[in-house]
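K.L.:
Mind looking over this structure? Questions follow.
The values are calculated or read from the model by the stated rules, or taken from the named source; none is laboratory data. Small disclaimer: the values here were computed from a predicted structure and weren't measured. Methodologically, a virtual Cβ is constructed for each residue, glycine included, from the backbone with ideal geometry; neighbour enumeration extends over all protein chains shown.
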Amino acid sequence: MRYQGIGVCPGVALNRCFRLSPLPQFDYNLRAKQPKQTALTAFTDASAQLKADFSAVAAKNANKTQAELVEVQLAMLEDESFVELVQNEIEAGYAPEAAVLRAARSFEQMLKALDDEYMSARADDVRDLGVRLACRIADLPYPSLSGLLEDCVVVADDLLPSMLMTAEFDHIRGIVTENGTRTSHISILATGLEIPTIVACKGAMKIAHGDMVFMDGEQGIAEDGLNEEKMQSFGARREAYFRERQELLGFASREAKTADGVKIGVLANIVTPAVLDKVLSYGAEGVGLFRTEFLYMNRSTLPDEEEQFAIYSAAAKKLGGKPLTIRTMDIGGDKDAPCLNLPKEDNPFMGYRAVRISLDRKDLLMPQLRAILRAAAYGDIWIMFPMIAVKREITGMLAALEEAKAQLKQEGVPFGETYHAGMMVEVPSAALRMDHFAKYVDFASIGSNDLTQYTYAADRMNARVGYLYDFLDPAVLRLIKRTIDVCRSENTVCSLCGEMAGTALGLAALVALGIQKVSVSPSGILKTKSRLSMLNATAMLKVGESMINAEDATEVKQLLLKALPKGYALERKEET
Ligand code: PEP
Ligand code: MG
């Protein structure tokens, strides 16, 4: 049987299923049989034991993302309002295991009521903690991935943060969960560790423990009930995948350039510095986009200057002089952050977003700019402003940067005097007026995701208008070409950091339009280098002009396909 979900980390696996047992069922209305004081002691003992467990994991675990998860849970255990909620439930006569679950549920509901995908994912932490505590109190085993002895595909309802903390990653060849979203912990963690992963895969829990299962994390499909023939064909697909990965690793130490020797920078898009080890091991030239808004998204308080400085400066140091492009926060659109307390809007992609908020909210902007400037003392920092649409936004952000510098100078706080300041080109008005914007910035980075949605007035999240959302349509290509050409004549560095660069045809089109640099997801770095090595830039450039004059995206694809060398790997969906 075939199960379809959302592929969040590409890769192929064919292994036995390790079906993670569902969490024990507890009675939330269980009344206490013991005196209240004994119930309270049971809670504090369990809490102390868990703290000790978490601290032990934090101490021994080298994996930074896991350490971060531990930190979140430890903080929750110490959260006074959570402890108070538990005490109130015990006071109301509930058994301690019911009391912790009830308290966690109240907390979870509060987070879910915020109607925000990211905050809902954080609700997992609270639920997880409640169940862990309840298991501890009731002396029941907690579902664990720590004792895995052989390679497997983990199939679960959902993977909670603390299950991941203790997981034996070396044996996990793939992950399939029935629940979860692109932004849930599991997705972020799996992408960082490059474990092929599918979330929101309905029905997957029907796969029996121990059965062979095939999964493709790019297409988001899992399949069980494999007969001999299927085993062979999926086995061949897995072999081909491993061969390709092995070959791709050869590109880690190679400079990114086209077959005819044109150098094109390949950098990484990151949401957390936890992936920097991987990024560096793939030989990326640096970070072309650090989406800092994720620092604001899973919390109820704003990240302050010190916290941001610690993150940015550590990332800069880790990169050892390679560029770190830090984008100021781009909340809004599909990314909400409850700690910002923003009003709900009918049309959020067209509304209050990114610099539109930053320019209004100095309480947000100044700590971020100061932290970035301070981090500039530790590496090669490129500060990037998102969603610039009109002149006053870029001049306003640059003025704020000067103000932040003046403040630091006056306070005698050290900061880096040398950095680059640039803008995203993701609103058509910016692409159309790049000649005017160029004089204000050192670099421009084209955000093809938003540029495409705003060019066609087609919501990038809405599959119904997906036929409009095509970055290979000549209208978007014209805007990209215009930006690249103007930047070249104005000596402004130009890159592209949208998903387009991570696709085979998108990359080919960009080379045809003369791009200098691209920034792609960590798992796309090697593939991008390999694709570039096959492209002949001189031949592709000849196609550029015809592409922007083509009738439509179909004709652009035909032109590209005709010009591409044999063996230039396309993704399955691009072949059709
Ligand atoms: C883009 O719009 O292309 C981009 C890179 O930014 P984001 O996807 O974060 O909006
Ligand atoms: Mg964008």
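K.L.:
Take the range 77-104 and flag every residue that is surrounded by fewer than 19 Cβ atoms within 10 Å (Cβ to Cβ) and at pLDDT below 90.
P.N.:
Residues satisfying the conditions are Leu77, Glu78, Asp79, Glu80, Ser81.
K.L.:
Another question about this same structure. Determine which member of the set Ser523, Ser519, Ser495, Ser533 is within 24 Å of the chain's Cα centre (by Cα) and assigned to a helix (DSSP H, G or I).
P.N.:
Going through Ser523, Ser519, Ser495, Ser533 in turn, the sole match is Ser523.
K.L.:
Considering the range 434-463 alone, what residues qualify as being surrounded by 19 or more Cβ atoms within 10 Å (Cβ to Cβ), in a loop (DSSP other than H, G, I, E, B) and more than 12 Å from ligand 1 (Cβ to nearest atom)?
P.N.:
Answer for the range 434-463, where residues must be surrounded by 19 or more Cβ atoms within 10 Å (Cβ to Cβ), in a loop (DSSP other than H, G, I, E, B) and more than 12 Å from ligand 1 (Cβ to nearest atom): Val441, Asp459.
K.L.:
Right, another one. Starting from residues that are at pLDDT below 80 and surrounded by fewer than 18 Cβ atoms within 10 Å (Cβ to Cβ), keep the ones in the range 175-210 and report whichever is farthest from Leu280 (Cα to Cα).
P.N.:
Restricting attention to the range 175-210, the residues satisfying the condition of being at pLDDT below 80 are 180-193.
Filter once more, keeping what is surrounded by fewer than 18 Cβ atoms within 10 Å (Cβ to Cβ): 181-182.
Working: Thr181: 27, Arg182: 24 Å.
Here the residue is Thr181.
Residue-by-condition table, conditions (1) closer than 25 Å to Cys497 by Cβ; (2) away from ligand 2 (no atom under 16 Å from the Cβ); (3) not assigned by TED's automatic domain parsing to the domain that holds Arg433:
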{"site": "Asp330", "(1), (2), (3)": "yes, no, no"}
{"site": "Leu342", "(1), (2), (3)": "yes, yes, no"}
{"site": "Ile357", "(1), (2), (3)": "yes, no, no"}
{"site": "Lys362", "(1), (2), (3)": "no, yes, no"}
{"site": "Glu402", "(1), (2), (3)": "no, yes, no"}
{"site": "Pro414", "(1), (2), (3)": "no, yes, no"}
{"site": "Tyr419", "(1), (2), (3)": "yes, yes, no"}
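K.L.:
Just give me the residues in the range 334-379 being at pLDDT 95 or above, crowded, with 19+ Cβ neighbours inside 10 Å, touching a Gly at 6+ places or on another chain (Cβ under 8 Å) and not hydroxyl-bearing (Ser, Thr, Tyr), in sequence order.
P.N.:
Ala354, Val355, Ile357, Leu373, Arg374, Ala375, Ala376, Gly379
Let's see how each residue does on (1) outside any helix (DSSP H, G or I); (2) surrounded by 15 or more Cβ atoms within 10 Å (Cβ to Cβ); (3) not polar (S, T, N, Q):
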{"site": "Leu401", "(1), (2), (3)": "no, yes, yes"}
{"site": "Lys405", "(1), (2), (3)": "no, yes, yes"}
{"site": "Lys409", "(1), (2), (3)": "no, no, yes"}
{"site": "Thr418", "(1), (2), (3)": "yes, no, no"}
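To keep it simple, each residue is scored yes or no on (1) under 21 Å from Ala404 (Cβ atoms); (2) touching a residue at least 60 places away in the same chain (Cβ under 8 Å).
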{"site": "Leu249", "(1), (2)": "no, yes"}
{"site": "Lys257", "(1), (2)": "no, yes"}
{"site": "Lys278", "(1), (2)": "no, yes"}
{"site": "Thr292", "(1), (2)": "yes, yes"}
{"site": "Lys322", "(1), (2)": "no, no"}
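K.L.:
Just checking, does the range 260-276 include any residue being within 30 Å of Gly514 (Cβ to Cβ), in contact (Cβ under 8 Å) with a residue 40 or more places away in the chain, within 22 Å of the chain's Cα centre (by Cα) and assigned to a helix (DSSP H, G or I)?
P.N.:
So far as the range 260-276 goes, yes, one or more of its residues are within 30 Å of Gly514 (Cβ to Cβ), in contact (Cβ under 8 Å) with a residue 40 or more places away in the chain, within 22 Å of the chain's Cα centre (by Cα) and assigned to a helix (DSSP H, G or I).
K.L.:
Here's something else I'd like to know. Return yes or no: is Thr492 within 15 Å of ligand 1 (Cβ to nearest atom) and either over 19 Å from Ser519 (Cβ atoms) or of a type in the set (Val, Ile, Thr) (or both)?
P.N.:
Details: within 15 Å of ligand 1 (Cβ to nearest atom): no; either over 19 Å from Ser519 (Cβ atoms) or of a type in the set (Val, Ile, Thr) (or both): yes.
Here the answer is no, as Thr492 does not meet what is asked.
K.L.:
I'd like the residue in the range 464-480 that is assigned to a helix (DSSP H, G or I) and within 24 Å of Ala268 (Cα to Cα) and, out of all such residues, is farthest from ligand 1 (Cβ to nearest atom).
P.N.:
Within the range 464-480, the match that is farthest from ligand 1 (Cβ to nearest atom) is Leu477.
K.L.:
Taking the conditions exactly as written (assigned by TED's automatic domain parsing to the domain that holds Leu295, within 14 Å of ligand 1 (Cβ to nearest atom) and at pLDDT below 95), does Phe385 satisfy them or not?
P.N.:
Criteria not met by Phe385.
K.L.:
Output the residue which, of all residues in the range 286-317 that are charged (D, E, K, R) and under 19 Å from the mean Cα position of the chain (by Cα), is surrounded by the most Cβ atoms within 10 Å (Cβ to Cβ).
P.N.:
Looking at residues that are charged (D, E, K, R) and under 19 Å from the mean Cα position of the chain (by Cα), I get Glu293.
K.L.:
Filter the range 464-476 down to the residues that are surrounded by fewer than 17 Cβ atoms within 10 Å (Cβ to Cβ) and either among the charged types (D, E, K, R) or touching a Lys or Arg at 6+ places or on another chain (Cβ under 6 Å) (or both) and list them by number.
P.N.:
The one that is surrounded by fewer than 17 Cβ atoms within 10 Å (Cβ to Cβ) and either among the charged types (D, E, K, R) or touching a Lys or Arg at 6+ places or on another chain (Cβ under 6 Å) (or both): Arg464.
K.L.:
Still on this structure: Going through Arg478, Arg488, Arg464, Arg482 one at a time, which residue ends up being farther than 19 Å from Leu564 by Cβ and in contact (Cβ under 8 Å) with a residue 60 or more places away in the chain?
P.N.:
Arg478
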